[in-house]
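*Asks:* Let me give you the structure first, and then I'll get to my questions.
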Amino acid sequence: MSRIINPLLVAVDACMVVAAWWLAFWLRFNLDIPGDQEQMALDSGLVATACVVVALGLMRVYRQVWRFTGMPELRRLCWGVLLGAQLTTAAIMMLRFSAVPRSVLLLHPLIVLVLLGAARAGTRMLAERQVTIAASSRPLLIIGSLNHASDALRALKGSMQWHAVGIVSPLEDERGKSLQNVPVLGSMADLAYFAEATGASTALVTGAVGSQQRRDVLLQSPGVGLTLLTMPHPDDWLRAENAGLRKIELEDLLGRQAVELDVRGLADLFSGQTVFVSGAGGSIGSELCRQIARLGVARMVCADASEIAIYRLEQELRDTHPQMQGFYYTANVREYERLEAITARYKPSMFFHAAAYKHVPLMESYNEIEAVRTNILGTLNAARAAGVCGARKFVLISTDKAVNPTNIMGATKRMAELVAQSVALEYPATEFVAVRFGNVLGSSGSVVPLFTEQIARGGPITVTHPDIVRYFMTIPEAARLVLQASLMGRSGQIYVLDMGEPVKIAELARMMIRLSGKTEQDIPLVFTGLRPGEKLFEELLADDETTQPTPHPKLRIAETSGCQAIAIDSITEWVATVGPSPPSSDLRAWLCSYLPEYRPQIY
């Protein structure tokens, strides 16, 4: 107990309680205590002091650290003083100090509360003043409402790097006020002036991650030249990888919320199992491997046609998950015998098929047959290999471009969905599930790496059309939802991910320019026209599809009218007889024979 209670602080409190008792008598007798009352006041004061100190101890007031005193500590002090007043009154009556005026019993706790509270508040003010004086910190503007700014100011207390010089609030009624001695300067329209007046070169944007407010700050303050920082909401501090201030990134501006997983269900599904991932070296495939490895799989078999990609994945997983048995193959999904040999050796219980050609314009001209062989025939080979080896589940990574396709890439991915549903009829012991989602930030072929390179070269940034929009999600989010769908999915189902609101590519480019510290005068936008096979907008459901909800808020099941099985043997026969480079018109006509919704563009 002596380690918890500081005797010096108890002594200081006792002195103040005695002084308060004497001051209460002094006030009661109009600043002149009669001589016959002095000894009684002294004797009863010792009793009152003992009662108050015991009460404060019972309320655990002496476990508090004075320099961190806040409202919770002051509330506990109030309760301790109130209890002390009750104990004092009871003791005075029991010990027959009948001459003690009742007004003293009322005045004493009020004076005690003022003295003890002032001592603690003064200690905190002195400590904060010393920190402020010692800190060689940089000025920081805080952008957000007072409600959000208060969280930021609490987190910045004692910071040796930053000190807040002003708050820029979007709310009219908050302007002219102050919070913790930090003034609310005005609106976003005057941000450049406030930055110059305060000498701030950095601003902290508060509020929920991914909020529209952050986009507004970025896009509506051209020429300010501020570095924008963000920080997690207090509710996310414990689970945030970096709970401190950091630069705003593109992911923070897209309104994507964290994905909650059924961790226990996924652990039961994957723990101790063998998992096969095709296309493991790609953006989605490699992230699937990382997240699956964290779920306690015993063995992971990774296959990719790219030697360098599978080598990098091998080096990473061997370092981060040395307890897991990893097997890394350079294998092409077009070669069924190779896939069958690998799966026969390891007998995976889960098969994730992420291998595909995904670049729309590249597959639209000169490479159409390659898309057919990889996206359609490769899916057929992978699905059959999973069925033959007795895998419990086969999960196909699909795309929103498979919906009402107008390009070769989307049409072949829609065919891949139909192939998986058809193979499901051949192997009822294996559940075949497809997961359909949109663009993934930072993936190979995404506009984000392209824009990053163009900004690094000094521009210009090339955008195909001012009105083109796309759905976006982060790579980790996409992988988590694929895993969740693998847990929930039943054979033949197609899962559609909640992609949020579509984003204009031109707006995305402008945000990336501002995040780089530049303006459109430094790096202009150039509109080049839609590329072959490109649509102004993507869809997540076809015209004849509806969705059904699932227990997970970000996953829905696409329901398609009509039979989804196709004659898959005819696919292999056509690919085998068509030759290495069939006419583009023949290939598109062949796809149309299977997909009435396919509307190839005329060039």
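*Asks:* Which of the trypsin sites (Lys or Arg not before Pro) across the stretch 46-97 are loop residues per DSSP, with 14 or fewer other Cβ within 10 Å?
*Replies:* Arg60, Arg96
*Asks:* Just to be sure I understand the model, the point goes 7 Å from the Cα along the line to the Cβ. What's the resulting Ala11 to Ser271 distance in nm?
*Replies:* So the two model labels end up 5.7 nm from each other.
*Asks:* Once you have a ≥ b ≥ c as the square roots of the Cα gyration tensor eigenvalues for the stretch 362-434, tell me rounded if a/c is under 1.5, and otherwise prolate or oblate according to whether a/b is larger than b/c.
*Replies:* Prolate is the answer for the stretch 362-434, as a/c is 1.5 or above and a/b outweighs b/c.
*Asks:* Evaluate the distance, in nm, between pseudo-label points positioned 7 Å from the Cα of Tyr366 and of Gln86 along their respective Cα→Cβ axes.
*Replies:* Rounded to a tenth, the inter-label distance reads 8.7 nm.
*Asks:* For a test of the definition: using alpha carbon positions, the gyration tensor, and the 1.5 limit on a/c, classify the stretch 273-397 as rounded, prolate or oblate.
*Replies:* Taking the square roots of the gyration eigenvalues as a ≥ b ≥ c, the stretch 273-397 is oblate.
*Asks:* To the nearest 10 Å², what's Tyr471's accessible area with a 1.4 Å probe?
*Replies:* Accessible area of Tyr471: about 50 Å².
*Asks:* Straight distance only, please: which lysines reach the Cα of Lys358 with their own Cα at less than 21 Å, same-chain residues fewer than 8 apart left out?
*Replies:* Lys401, Lys413, Lys504, Lys535
*Asks:* Per residue, how much accessible area does the stretch 1-103 have with a 1.4 Å probe, in Å²?
*Replies:* I get 62 Å² per residue for the stretch 1-103.
*Asks:* If DNA, RNA and ligands are ignored and the probe is 1.4 Å, what is the ranking of Met415, Met16 by accessible area, most exposed first?
*Replies:* Values: Met415 0, Met16 35 Å².
The ranking, largest first, comes out as Met16, Met415.
*Asks:* Leaving ligands, DNA and RNA out of it, rank Ile143, Ile111 by accessible area with a 1.4 Å probe, largest first.
*Replies:* Largest accessible area first, the list is Ile111, Ile143.
*Asks:* Which value, in Å² rounded to 10, gives the accessible area of Leu126 with a 1.4 Å probe and all protein chains present?
*Replies:* Its accessible surface works out to 100 Å², give or take rounding.
*Asks:* OK, next. Which order do Thr572, Thr374 take when ranked by solvent-accessible area (1.4 Å probe, heavy atoms of all protein chains), largest first? The partial results should precede the final answer.
*Replies:* On the way: Thr572 50, Thr374 10 Å².
From most exposed to least exposed: Thr572, Thr374.
*Asks:* Write down the Å³ per residue value for the convex hull defined by the alpha carbon atoms of the stretch 384-483.
*Replies:* Considering the Cα atoms of the stretch 384-483, their hull volume per residue is 121 Å³.
*Asks:* Roughly how many Å² of Leu269 are accessible to a 1.4 Å probe, to the nearest 10?
*Replies:* Surface accessible to solvent at Leu269 totals approximately 10 Å².
*Asks:* Separation of the stretch 510-539 and the stretch 425-497 by C-alpha centroid, Å?
*Replies:* 19 Å
*Asks:* Where the centre of each part is set by its Cα atoms, how far does the stretch 291-364 sit from the stretch 135-206, in angstrom?
*Replies:* First find each Cα centre; the distance between them is then 49 Å.
The values are calculated or read from the model by the stated rules, or taken from the named source; none is laboratory data. Here the structure is a predicted model, which means the values were calculated and not measured. Cβ sites come from the backbone with ideal geometry, for glycine too, and all protein chains shown count toward neighbours. Surface areas here come from the heavy atoms of the whole protein model, side chains and all, with no ligands, DNA or RNA. Shrake-Rupley method; radii C 1.70, N 1.55, O 1.52, S 1.80 Å.
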